[in-house]
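The values are calculated or read from the model by the stated rules, or taken from the named source; none is laboratory data. Here the structure is a predicted model, which is why all the values come from computation and not from measurement. Please note: Cβ atoms are built from the backbone with ideal geometry, for glycine as well, and neighbour counts cover all protein chains shown.
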Amino acid sequence: MRLHKPHRVQAVKINIAPLIDVVFLLIIFSMTITQFKRAEYEKIELPLAREGMDAPPGPVRLTISVTHDGRILAEGQAFSLEALDQLLSENARQHGPASLEVLLRGDRRVDWRAVRQVMSACGRHGIARVRLAVADAPASSSP
């Protein structure tokens, strides 16, 4: 009679140290990006609208805010109208005006001539996709 020797089963060891490193880097990356996105938007009161469309994902977006005191903010810093014109020119040249979209956030208390000047600057550089950001208006109870 033949006896079988028990086969040794080797335990599989998984080294999770590299996995922890990768997860840690992803957490740091997401926290950093969240801070950049938060810094991009100045707190302003947007005009109210009852109807509108959400912006579809797509082209390169440049967010420009016009505050209640008429300051123009883009990429987390203040711009004069001439400096904004230069920024739009560089972005249009780099990405092409057809693939560039401007999200314009104008405070509801601002003199809208400042917003019109920003829109005119976009038009001078061939940027046709200019979207205005608005906040949802509360639904009225009357029919």
Open item on the list: Being touching a Gly at 6+ places or on another chain (Cβ under 8 Å) and touching a residue at least 40 places away in the same chain (Cβ under 8 Å): is that true of ALA114 here?
Closed with: yes
Open item on the list: Of everything in segment 15-52, what is out of contact with any Ser or Thr (no Cβ under 6 Å at 6 or more places or on another chain), at pLDDT below 65 and assigned to a helix (DSSP H, G or I)? Give them in sequence order.
Closed with: GLN35, PHE36, LYS37, ARG38, ALA39
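Residue-wise test of (1) β-branched (Val, Ile, Thr); (2) under 19 Å from the mean Cα position of the chain (by Cα).
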{"residue": "ALA78", "(1), (2)": "no, yes"}
{"residue": "LEU81", "(1), (2)": "no, no"}
{"residue": "ASP85", "(1), (2)": "no, no"}
{"residue": "ARG93", "(1), (2)": "no, no"}
{"residue": "VAL110", "(1), (2)": "yes, no"}
{"residue": "GLN117", "(1), (2)": "no, no"}
{"residue": "GLY123", "(1), (2)": "no, no"}
{"residue": "ALA133", "(1), (2)": "no, yes"}
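Restrict the check to segment 84-91 and report whether at least one residue is acidic (Asp, Glu), at pLDDT 85 or above and either closer than 13 Å to VAL66 by Cβ or surrounded by fewer than 15 Cβ atoms within 10 Å (Cβ to Cβ) (or both). Before the answer, list the steps.
Of the residues in segment 84-91, the ones acidic (Asp, Glu) are 85, 90.
Still in the running and at pLDDT 85 or above: 85, 90.
Subset that is either closer than 13 Å to VAL66 by Cβ or surrounded by fewer than 15 Cβ atoms within 10 Å (Cβ to Cβ) (or both): 90.
Scanning segment 84-91 turns up at least one residue that is acidic (Asp, Glu), at pLDDT 85 or above and either closer than 13 Å to VAL66 by Cβ or surrounded by fewer than 15 Cβ atoms within 10 Å (Cβ to Cβ) (or both).
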Open item on the list: Restricting to segment 99-136, and then to whatever is over 21 Å from ASP69 (Cα atoms) and modelled with pLDDT under 85, can you tell me which residue is surrounded by the most Cβ atoms within 10 Å (Cβ to Cβ)?
Closed with: SER99
Open item on the list: Return the residues of segment 85-143 that are farther than 17 Å from ILE44 by Cβ, touching a strand residue (DSSP E or B) at 6+ places or on another chain (Cβ under 6 Å) and of a type in the set (Lys, Arg); say none if nothing qualifies.
Closed with: ARG129
Open item on the list: Which count do you get for residues in segment 60-84 that are in contact (Cβ under 8 Å) with a residue 40 or more places away in the chain and in contact with a strand residue (DSSP E or B) (Cβ under 6 Å, 6 or more places away or on another chain)?
Closed with: 8
- [ ] Sort out which residues of segment 97-111 are touching a Pro at 6+ places or on another chain (Cβ under 9 Å) and free of Cβ contacts under 8 Å to residues at least 60 places away in the same chain, and write them in order of number.
- [x] ALA98, SER99, LEU100, GLU101
